[in-house]
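Notes follow the structure.
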Amino acid sequence: MKLKNFKNYDLVISVFLFLAALVYYKFTFLNPEILISPNTYQSRDLKRAVDIYFNHVSIWHGPELSGGGFSPGPFYYYLIGLPYYLSKSLMSVYWLESLLAAFGISFLWLVLKRQYSLGAANLFYLIFLSSPFYQSQLLAFVNPSFQILFLFISIICFLNRSRIWYLVFAGIFLGLTLQMHVSAVALLAAYAAAILSGRDETIKQKLKSIAIVSGAVALSCSYYLIYKFLILPPDPSYDISKGFFRVMHSFLRIQNGLSFQSLTNFARMFASEFYIIPAVALLAMNFKKQNYESRFFAGIFIFSGIFVFHLVAAIGLARHIVPFMVACGLYYSIKIFQIENSKLKQSILLLSGFAIVFNFMGWGIRPDFKSAFNSNSTLSAQQQFIQKVVETTGWDFAYFQNHSYFYGIDSFEDFSFTYPYFASRTNKNNSRHFNGLIALPAKTVPVEVFNDLKLTNSLKPYLPDNIYKSLLNREIECKQVEETPHFQICFYTFSDEAKPRRWANVGFPYDYRATESVPEDSKAGVRQISENEAVIYSNDCGYSHSECFVFFHLKILPAGELKLEVTGAPVSSFDPYNFPRWTWGISEPRLLITCEETSEEHVITSGLGLTDYNRRSLSAPFDEYYKMPCKSPKSITIKSDSASSILILKSSGKHFYSLPFSMSWERRQ
């Protein structure tokens, strides 16, 4: 096929369709009341984009991969940073996402109209505009949401590969797509499979075509490749060369295999996209004809199907299958108008029309993608909460991050970008002093519960053990209680401000700043600093790296008290993919103080890091003070009956296990 010159009226119609798509997106989900706020990963990417444009930081890689390593280039950061740089508005990035999607489907309408038929173009446009899957992807604001236009351009260029430049552009746009999300690698495999299965070229010509596409992909990712292999020293800490099937296995292990809910969501997603099963059936019917499009799309279906398998393990991985959905929708739209049986064609089109109308009316079966997010994760909910905190306290993000506890914090919840963004647009009140906050979902308990000891017991299911006991013992007191439509917030102070503590579960995903020196011992041990001070450290990585150590800093104070400080990246986040080398969760950690004649055990808190107590777990850094049964204990032990580890080993990949944990400081006096 060759691209033909477009008639002027086709361009006018495509512009109208582009504007119509934008208007539709605006009224369906471009509203802060329903827009999901930037999650952990998107906040990470937005901060890096800001660093590039405003702080002139050079970043050579793209977003992290779940199994370790990075996407091959920073194009995604430059893409999402541009509208923010020009407008200083977070909404401009959401608008960019919608602009790319609207331009993508109107551009494809133009191409399909000229190369195939008006019917194929219209069907494709309506499928993608009404699709619950794509609306959910755009609403979730994840990096594959920005892929669609670049996927379309790469596919169209490849289908028109009669000229060498089309192959080059197919590879370049595929490389840009890979820099957003690695799932696009399925296209590269499909390109190679389609070329090799062709009958009109010699082996030499086929290899040349594959080399051109691969070279164009490498050219597009050259910035990353130069840094990775020529400038940066090799990283011996872990090897992800075998990471593809390893990470597939680890996803299933971490999600504990299949579940009824994941299978139900899997089925609902495919039911919502009515064209998937007919597209696969049409492919099977046409495959024996060995036509070029069928071989190419078969390759996409097969290789992208591997990513579809991920969805069975967890609905949150729906972002991996964007290339699969693109291929199904595009192939279905093309092939349905090539069916020779007119009655069959009319029947399928009638069913498609009903499904499209149902989706537009909101009656279609919609997968519950939003269930993966906390109900308080909308942009509007976060904005109202942050503005209330800033108006009340004047805290900057660093203080907020170290002193804020949320009941039911979700691993996707993240304030690292939205807090500074909305705080800068809020009037600060520094007249009241508070040490920390406790946030519960709105109407969880009556407001008077926070300050009435007789009613405090009703807070027990929602608080970590140490915070609950501190409320009971009046070690902390709610000085002010505020409410937003989504939260009720207790702003508290310590009765003894000479003992400041950090109790929080906001976490430090992708942003942990190690302040401890990394021990030479790469496993675990105790470093005694003085007679009254020591650091217990643990590391399951098998090598020394700042992201691999957890530190328990113990200090005996003159008044017969012990101060405990817990730090370290593995217990500073609730998502195993933020620090893929090692993520740790300690359930009900305890502190055992042993003296000559007696001993005393304290429950430190309900959980630290990624534990089964996630809804009441705290993250590092964490501080606490304890009265000791004697002034000079023989030993101090940190222990837990269940410490869960998720780590990547160079030899065997990612593993999950749970074992008892116990380490002691045997004091040398």
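The values are calculated or read from the model by the stated rules, or taken from the named source; none is laboratory data. Computed from a predicted model, the values in this text were never measured in an experiment. Note that each Cβ is placed from the backbone with ideal geometry, even for glycine, and that neighbours are counted across all protein chains shown. All accessible areas refer to the heavy atoms of the entire protein, side chains included, with ligands and DNA or RNA removed. Shrake-Rupley method; radii C 1.70, N 1.55, O 1.52, S 1.80 Å.
Normalised per residue, the accessible area of the stretch 141-228 is 38 Å², obtained with a 1.4 Å probe and no contribution from ligands, DNA or RNA. Reducing the stretch 578-613 and the stretch 19-80 to their Cα centroids gives an inter-centroid distance of 36 Å. Each of SER220, SER606 has its accessible area taken with a 1.4 Å probe; listed largest first, they run SER220, SER606.
At full extension, MET285 and ALA524 could sit 80.0 nm farther apart than now, given 0.36 nm per residue minus the alpha carbon distance. The stretch 418-449 and the stretch 456-534 have Cα centres spaced 17 Å apart.
As a rough guide to protection, the peptides 338-345, 115-122 ranked by mean Cβ packing within 10 Å, highest first, stand as 115-122, 338-345. Candidate cross-link partners of LYS639 among the aspartates and glutamates, defined by an alpha-carbon separation under 12 Å and a same-chain spacing of 8 or more, comprise GLU588, GLU601. Under a model in which nothing but the beta-carbon of Lys, Arg (+1) and Asp, Glu (-1) is charged, the stretch 135-216 shows a dipole of about 260 debye around its Cα centre.
Here the stretch 117-198 was treated as a single set of alpha-carbon atoms; its pair distances binned every 10 Å from 0 give 17, 40, 35, 7 percent.
Tell me, what % of the accessible area of the stretch 1-126 is carbon and sulfur with a 1.4 angstrom probe?
Exposed carbon and sulfur together represent 68 percent of the surface.
Computed in the context of the full set of protein chains, the accessible area of the stretch 538-619 at 1.4 Å probe radius has 43% of its extent on carbon or sulfur. Sparse packing (at most 13 other Cβ atoms within 10 Å of the Cβ) combined with a DSSP loop state is found for the following trypsin sites (Lys or Arg not before Pro) in the stretch 19-120: LYS88.
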